[in-house]
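Chemist: Quick one: structure below, then a few questions.
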Amino acid sequence: MTRMEILNDLIRRRGYRRYLEIGVSYGTCFRAIQAERKVGVDPAPLYKESPPETLIRTTSDDFFRDSREQFDLVFVDGLHHADQALRDLKNALACLAPGGMVAAHDCNPKCEEHQAVPRRCQHWNGDVWRAFVRLRMDSPFRCFVLDTDEGVGLVDPNTPAPPLSLAVDPMDSTQVSYQDFERARSEWLALTPARALQEKLAPRS
């Protein structure tokens, strides 16, 4: 499954109407989403929106600071640096409507080069994985990564789950290396086959 298929499936099955995407770029994902209201945020998008879409040309930090709108589904695919990704994820959770969810792209890099910061290759996920693992440590609800399309992380605040317990901080590269992540990838990400998506999600409250 692609991220677009996953997001549209969530929108259909849970009756979501308001969709927010952080990091639109060329609009590959944004234009494929089928939601009643679509808002994209990107400081320098390479995509021209069309009604009923709304494209806001600003940073995610500025958007979240100024916006009071609530969304049913937020997709985080902005700057792929762990500190920014973690802020985006937490800010996304804060603007969710009741029953909403957050998704994130690039959570499961396949090799060390793909997650290196600063960027040194064309195919780049960044170290979003660090942010997702940290979010799992901080959150008393279900967070897991679908093992498809570079790793699609899903955050479901509607379903209680124990936080991930680690004695180290994944945001600190002096404490946690890519090799540590490689050894514990499945556990740290709660890596899940895409076909198991329906089983993992509780009905919308």
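The values are calculated or read from the model by the stated rules, or taken from the named source; none is laboratory data. Note that the coordinates shown come from a computational prediction; the quantities given were computed from them, not determined experimentally. Glycine also receives a Cβ, built like all others from the backbone with ideal geometry; neighbour counts cover every protein chain displayed.
Chemist: So which of His105, His114, His123 ends up being crowded, with 20+ Cβ neighbours inside 10 Å and more than 16 Å from the chain's Cα centre (by Cα)?
Modeler: His114
Chemist: Restricted to the range 1-47, and to residues that are in contact with a Phe, Trp or Tyr (Cβ under 8 Å, 6 or more places away or on another chain) and of a type in the set (D, E, K, R), which residue is surrounded by the most Cβ atoms within 10 Å (Cβ to Cβ)?
Modeler: Step by step, filter the range 1-47, then rank; the result is Glu21.
Chemist: Among (1) modelled with pLDDT of 95 or more; (2) crowded, with 17+ Cβ neighbours inside 10 Å; (3) under 14 Å from the mean Cα position of the chain (by Cα), where does Arg185 come up short?
Modeler: Here Arg185 meets the rest and fails (3).
Chemist: Where in the range 125-202 are the helices (runs of 4 or more DSSP H), entirely inside, with at least 2 residues that are farther than 25 Å from Leu96 by Cα?
Modeler: By residue number, 178-189.
Chemist: Still on this structure, I have one more. I'm trying to understand the selection: among the residues of the range 78-102, which are of a type in the set (D, E, K, R) and surrounded by fewer than 24 Cβ atoms within 10 Å (Cβ to Cβ)?
Modeler: Correct list: Asp83, Arg87, Lys90.
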